[in-house]
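The values are calculated or read from the model by the stated rules, or taken from the named source; none is laboratory data. Predicted model, so just to flag it, every value in this text is computed and none were measured. Neighbour counts are summed over all protein chains in view; Cβ atoms, including those assigned to glycine, are modelled from backbone coordinates with ideal geometry.
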Amino acid sequence: MNRHLPPRHDIPSFWRPHEPGTVFLHLGENPYPPSERVQRALAEAARHANRYPDTNGLALRARLAEYVGYGLRPENILLGNGSDELIDLAVVAFAEPSRPVAAFKPSFFVYDFAAQRHGVPVVALARAEDYTLPPCDTALAGMKSHSVSLTFIANPNNPTGTLTPRDRIREYLSRWPGIVVVDECYYEFSGETVADQIARHENLIILRSLSKSFGLSGLRLGYALAHEHTMNILVRYAMTFPVNALAQAAGLAALEEVEFHRERIRQLIRARDALKHDLESLGLEVLPSHANFLLTLWPETPPDQSPARRLAEQGIWVSDQSPVLNLSRPALRLAIGTPEETARLREAIRILLAQGRAGR
Ligand SMILES: Cc1ncc(COP(=O)(O)O)c(C=O)c1O
């Protein structure tokens, strides 16, 4: 069934964290290393690595329930090896080859990847021109005619950074009976959530992550929120030990310092908005962002002068998302780095654009 999947080792590896002087802005990571407290918790957990972790991660789920609020309880929460794993789990639990998955495109590639792994077709639903969700009426007919089982909505969306107002998402939840997965991976950057709707809508699954806002990408720690009835189905498909002991310890320690992380997020948001302003002054089109990255639209460029490649030659890694957006001109997704990294990026872009203008 899965003969069409590429061999795993053909997928390019982007893992080069120790190259000195290189700026990594291509994977939307948090640029700051874990706090002292998280590092101490990791060292302590490492001393007990001969033991299996808590299979259910109860302590962390209890702490997450407090953090999320809205009266949610540990029973409403499932931990995963990154939210990536929970995307896969939702497909396994709710979709079938005859009951496809739908995703509003352009969006995060892992929805397709997860569906393909399980031989489930993907129905592409178009986003509106501003990359938010279209009115419900526009999409519902397509969802019905394809017998869609499960619909993925990234909010804020990756790679565009755009946010769909929650009232529109609530409309989908009320009018569409199938499972709706609202991926709130960038929640802390947008401040907008539908977590208050869990008790009301059994068809809602929310995915969150500690990768971006708590800077724990390398530990792979995500969580799902759902009504108890839905959660009872989802958990049946979970692995025996989905989240390792170090990730659980680091997650607990990071949640002891919510205000510290919120301050870092506020700094990243200020830096994002300042960079947007500067890049627009330089003549780039920049989408409004509610995440920790900016999507920038560039003038048409010959492939051998692609700005992503030219930035990489200077040790600045960014991601060209033009294939995902189906655009012929470059569409670079730029994560917000440290102030020094952002300054280097801004200057490199200024020079690239000036050279482009001089070459014309
Ligand atoms: C929309 C979206 N969902 C999920 C993820 C995966 O996050 P995690 O690191 O928790 O697997 C990403 C990562 O970039 C993302 O952009």
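For segment 311-332, the count of residues that are closer than 22 Å to Thr162 by Cα, free of Cβ contacts under 8 Å to residues at least 40 places away in the same chain and either assigned by TED's automatic domain parsing to the domain that holds Glu184 or out of contact with any Ser or Thr (no Cβ under 9 Å at 6 or more places or on another chain) (or both) is nonzero. Apart from one condition, Gly71 fits all of (1) in a loop (DSSP other than H, G, I, E, B); (2) closer than 25 Å to Asn326 by Cβ; (3) more than 13 Å from the ligand (Cβ to nearest atom); the exception is (2).
Being aliphatic (A, V, I, L, M), buried (at least 17 other Cβ atoms within 10 Å of the Cβ), modelled with pLDDT of 95 or more and outside any helix (DSSP H, G or I) narrows it down to one of Leu225, Leu252, Leu234, so name that one. Walk me through it before giving the result.
Working: Leu252 fails: outside any helix (DSSP H, G or I); Leu234 fails: outside any helix (DSSP H, G or I).
It is Leu225.
Just to be sure before I move on: is Phe152 touching a residue at least 24 places away in the same chain (Cβ under 8 Å) and assigned to a loop (DSSP other than H, G, I, E, B) in the structure I sent?
Details: touching a residue at least 24 places away in the same chain (Cβ under 8 Å): yes; assigned to a loop (DSSP other than H, G, I, E, B): no.
The answer is no for Phe152.
Scanning segment 262-282 finds one or more residues that are in a loop (DSSP other than H, G, I, E, B) and not assigned by TED's automatic domain parsing to the domain that holds Arg40. The set of residues in segment 137-161 being farther than 13 Å from Phe104 by Cβ and surrounded by fewer than 24 Cβ atoms within 10 Å (Cβ to Cβ) consists of Asp137, Ala141, Lys144, Ser145, His146, Ser147, Ser149. Once segment 177-200 is narrowed to residues that are in a helix (DSSP H, G or I) and within 14 Å of the ligand (Cβ to nearest atom), the residue that is nearest to Gln267 (Cα to Cα) is Phe189. Note on segment 6-51: among residues that are out of contact with any strand residue (DSSP E or B) (no Cβ under 9 Å at 6 or more places or on another chain) and among the aromatic types (Phe, Trp, Tyr), the one that is modelled with the highest pLDDT is Tyr32.
Yes or no, residue by residue, for (1) touching a helix residue (DSSP H, G or I) at 6+ places or on another chain (Cβ under 7 Å); (2) more than 14 Å from the ligand (Cβ to nearest atom); (3) not small (Gly, Ala, Ser):
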position	(1), (2), (3)
Ala59	yes, yes, no
Asn81	no, no, yes
Asp88	yes, no, yes
Val101	yes, yes, yes
Val123	yes, yes, yes
Asn155	yes, no, yes
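Pick out the one residue from Ser174, Ser147 that is away from the ligand (no atom under 16 Å from the Cβ), in the same structural domain as Leu89 (by TED's automatic domain parsing) and on the phi > 0 side of the Ramachandran plot.
Only one candidate qualifies: Ser147.
Restricting the search to segment 14-65, which residues are surrounded by fewer than 11 Cβ atoms within 10 Å (Cβ to Cβ) and either among the basic types (Lys, Arg) or closer than 30 Å to Ala199 by Cα (or both)? Within segment 14-65, Arg16, Arg47, Arg51 qualify.
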